[in-house]
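First the structure, in the form of structure tokens, and then the observations on it.
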Amino acid sequence: MPFSKLTSVARHLPGQCQVCARWPAQPICADCARRFAQPRARCGTCARPLHGTRSRCGACLAERRPAAIETCLAAVDYAYPWDQLIARFKFRQEPALAQPLATLMLEMPQMAGLLRACDWIVPIPVAPKRLAERGYNQAWEMVKALRVLTKADCAPGWADALRRMGEAPDQHNLAAQQRVNNLKNAFQVNALHAHRLRDAHVLLIDDVSTTGTTLREAAEALRLAGASRISAAVFAHTAGG
């Protein structure tokens, strides 16, 4: 049997839940998904958790400039057990965790439609030094997993549409204003193929959003290159971001 068919078969075999370690189970068992991944109301612009009946958060309502990102989705809050799973995914050489994360993202009602409606699915890039150390970009692993899970019934992925400039400090250790300063002009469009972005609808993918600075700066770079619409989807959003 060809290797591609073997991996396809293996994907549907029971394994161990990556949260509770129950065996046999899918990568995220149904009990853990029900317990820790319940849908909740979120701001339609930045995906911050909402309380009450509003459709947008106070920060987005107070913003005077047009939003760089039209729609943002988040599957879960950045809290236990997802914070630990993301740490394994990013820092402990477990790129295969992209598949269970992408599976939960596809549970969001708007996600499948957004994947089909956009022209390009673009990962948030990591800095060259960090990419060399880690060996993979976790956001690109998520894009690939989304395409596999949807059987490519979605827009094409574009791994290097954006480039991360410089070697800025990790965002997760910085305060809100430091994040803004850290990422100013941090992204650049791949100039060789920038024409592909003209009038395009781009879907940005990342693992976590905190203040939304990373997504906004990436979106600004895409708009400067001619993209007409920017949407975003992340696996997790910090509750206080």
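Here are a few things to note about the model shown:
- Residue within the range 184-198 that is modelled with pLDDT of 95 or more and within 23 Å of residue 107 (Cα to Cα) present: no
- If you go through the range 211-237 and keep only what is polar (S, T, N, Q) and either under 12 Å from residue 122 (Cα atoms) or surrounded by 20 or more Cβ atoms within 10 Å (Cβ to Cβ) (or both), you end up with 211, 213, 214, 231.
- Selection status of residue 102, surrounded by 22 or more Cβ atoms within 10 Å (Cβ to Cβ), under 20 Å from residue 16 (Cβ atoms) and either of a type outside the set (Lys, Arg) or in contact with a strand residue (DSSP E or B) (Cβ under 6 Å, 6 or more places away or on another chain) (or both): yes
- Any hit, the range 27-34, residues being touching a residue at least 12 places away in the same chain (Cβ under 8 Å), assigned to a helix (DSSP H, G or I) and touching a helix residue (DSSP H, G or I) at 6+ places or on another chain (Cβ under 6 Å): no
- Residues considered: 95, 125. Of these, the only one that is in contact with a Lys or Arg (Cβ under 6 Å, 6 or more places away or on another chain), over 24 Å from residue 41 (Cα atoms), surrounded by 14 or more Cβ atoms within 10 Å (Cβ to Cβ) and not small (Gly, Ala, Ser) is 125.
- Matching residues in the range 42-78 - criterion: being surrounded by 13 or more Cβ atoms within 10 Å (Cβ to Cβ) and either basic (Lys, Arg) or over 18 Å from residue 231 (Cβ atoms) (or both): 42, 48, 49, 50, 54, 56, 59, 76, 77, 78
- Qualifying residue in the range 143-151 (condition: closer than 27 Å to residue 112 by Cα, in contact with a Cys (Cβ under 6 Å, 6 or more places away or on another chain), at pLDDT 95 or above and not in a helix (DSSP H, G or I)): no
The values are calculated or read from the model by the stated rules, or taken from the named source; none is laboratory data. This one's a predicted model, so the numbers in the text were calculated from it and none came from an experiment. Cβ: placed from backbone, ideal geometry, glycine included. Neighbour counts: every protein chain shown.
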